[in-house]
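Chemist: First the structure, which I've put down as structure tokens, then a few questions once you've had a look.
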Amino acid sequence: MPSTLQRKIAILKNAAVAGKVHAFEEFESNVPYMYLDVAGQVTVGIGHAILSEEAACQLPFKSADGTPASREVIVAAFKKIHSGRQAQREKAKPASSFAGLTDLILAETDIYRLAQQDIASHEHLLRGKFPDYDRYPAAVQEALLDMIFSMGLNKLMTGYPRFVAAVRAQDWATAAAHSGRRQVQGSRNLAIAGKLRSAAGNGATAAR
């Protein structure tokens, strides 16, 4: 269940970062247990991909009684969820259908801190391709984060050349016109285009 922006600020101690996490959560499920996304990837929290057993063991999973889960329990849970990946690719089930398959969960604070780390990683990649990223309006940064999160850096840079060129030129209206993605729902595309158009309408005031 998504929390309020104020709750995220209290947890992360940074209003700007909390705002990005809040925007991030708008279209990504917030799920405290392991599940498979539509591509069959083991996932937890706000769309955080767990790429291996070892990666799962690095996360602070807790058992139902609130005690830290052992490595053996985490590995077993990962294997159980991971085993359904082929069926998930053939016919995707919602995250809610994985509830109760394991008793491991991440706490709310850990979910938001993990999202904070994921955003920082994505922003590092974006800065390498968009040198003025830190001077873009907050709405544009949120749009770029959503784009890279949903498709990855390579597909963003190679599959959306008009969008990339418009962002580099800080032509937010043109970027909005070329921001649509086939792999996400229409409402998400509309929301991201709206963020970009809002930046154009506001005169591209830099993010703080």
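Chemist: Could you list, in sequence order, the residues of region 80-97 that are assigned to a helix (DSSP H, G or I) and loosely packed, with under 13 Cβ neighbours inside 10 Å? Write out each step before concluding.
Modeler: If we filter region 80-97 for residues that are assigned to a helix (DSSP H, G or I), which is where we start, we get 80-82, 85-90, 95-97.
Within region 80-97, Gln86, Ala87, Glu90, Ser96 qualify.
Chemist: Which condition does Asp103 not pass, out of (1) among the acidic types (Asp, Glu); (2) more than 20 Å from the chain's Cα centre (by Cα); (3) assigned to a helix (DSSP H, G or I), if it passes all the others?
Modeler: (3)
Chemist: Something else: Consider only pairs whose beta carbons are under 7 Å apart and that are at least six residues apart or on different chains; among these, list those whose first residue lies in region 27-40 and is within 14 Å of Ile105 (Cα to Cα) and assigned by TED's automatic domain parsing to the domain that holds Val73 and whose second residue is of a type outside the set (A, V, I, L, M) and surrounded by fewer than 16 Cβ atoms within 10 Å (Cβ to Cβ).
Modeler: Short answer, once both residue conditions are applied: Asn30/Pro2.
Chemist: Answer with yes or no whether Val184 is touching a helix residue (DSSP H, G or I) at 6+ places or on another chain (Cβ under 9 Å), modelled with pLDDT of 95 or more and not hydroxyl-bearing (Ser, Thr, Tyr).
Modeler: Numbers: touching a helix residue (DSSP H, G or I) at 6+ places or on another chain (Cβ under 9 Å): yes; modelled with pLDDT of 95 or more: no; not hydroxyl-bearing (Ser, Thr, Tyr): yes.
In short, no.
Chemist: Mind checking which residues of region 110-133 are loosely packed, with under 13 Cβ neighbours inside 10 Å and in a helix (DSSP H, G or I)? Break it down stepwise before answering.
Modeler: Looking only at region 110-133, we keep the residues that are loosely packed, with under 13 Cβ neighbours inside 10 Å, and these are 117, 120-121, 124, 127-128, 131-132.
Scanning region 110-133 gives Gln117, Ala120, Ser121, His124, Arg127, Gly128.
Chemist: Okay, moving on. Among (1) crowded, with 22+ Cβ neighbours inside 10 Å; (2) within 15 Å of the chain's Cα centre (by Cα), where does Phe27 come up short?
Modeler: So Phe27 meets the others, but not (1).
The values are calculated or read from the model by the stated rules, or taken from the named source; none is laboratory data. Everything quoted here is computed from the prediction, not taken from an experiment. Because the Cβ atoms are built from the backbone with ideal geometry, glycine has one as well, and the counts that use them run over all protein chains shown.
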